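S.K.: What follows is a structure written as structure tokens; I'll ask about it next.
Each reported figure results from applying straightforward, stated rules to the coordinates on display, with no laboratory input. It should be emphasised that the depicted structure is a prediction, and the values quoted were computed from it without experimental measurement. All Cβ positions, even for glycine, are placed from backbone atoms using ideal geometry, and neighbour counts span all protein chains on display.
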Amino acid sequence: MSQDVERVYTINLGKVLLSPDNQRAKRAVNMIKEFARHHMKIEQIKLEEDVSHLLWSRGIRHPPRKIRVRMEKTDEGYVLVSKYEGEEESIEKEEKKIEPAKPESAAKPESAAKPESAAKPESAAKPESAAKPEPAAEPEPAAEPEPAAEPDAKSNDAPKSFKKKDDEIKKKPKSKSKD
């Protein structure tokens, strides 16, 4: 056992749902230990706190359906099961590689910096765009009545022909009620 053996597995915990709902997280822990015994060929299994917290994070009734773990055989003669975090790093690296590829296709290194800075404010640009028309409306007195007209349009979305008919209908019952 002088060499540490390390393997990464995705463990399907779907069968946990077959057990009673007040024992599912316990069953998930046992399933991980059974899986480790079967694949690593050692009886002693120890789970790290991160794995346990991940299993119990949503309570005893709702453990995750799948879990990605790293299993290591140690010199002490047991298997240590820990949370696998290697995928997240590789995904971030791939995203960083993709972002510089877009500016290269444009063949403008100066524009490469601009879209990245513009990409971040895009999410904040929506509130800013709502804020920009308001200062523009304040200096112009003609722009102030327009916001007042917009709520009227929203409340009366009907076309003019319908409005005329509604006015006629309103007038008729009043005259009928007087008769």
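S.K.: Sorting check: for 51-57, 39-45, which peptide has the highest mean count of neighbouring beta carbons within 10 Å, and how do the rest follow? Before the final figure, lay out the partial values.
M.R.: Details: 51-57: 16.3, 39-45: 14.6.
The packing order, highest mean first, is 51-57, 39-45.
S.K.: Give me the one-decimal Kirkwood hydrodynamic radius in Å for the stretch 5-85, with the sum taken over alpha-carbon pairs. The partial results should precede the final answer.
M.R.: Details: mean 1/r = 0.0791 Å⁻¹.
Mean inverse Cα-Cα distance, inverted, gives 12.6 Å.
S.K.: Still on this model: Can you give the charge dipole size of the stretch 1-42 about its Cα centre, rounded to the nearest 20 debye, using +1 on the beta carbon of Lys and Arg and -1 on the beta carbon of Asp and Glu?
M.R.: Details: 8 positive and 4 negative charges, 35 e Å.
Value, rounded to 20: 160 debye.
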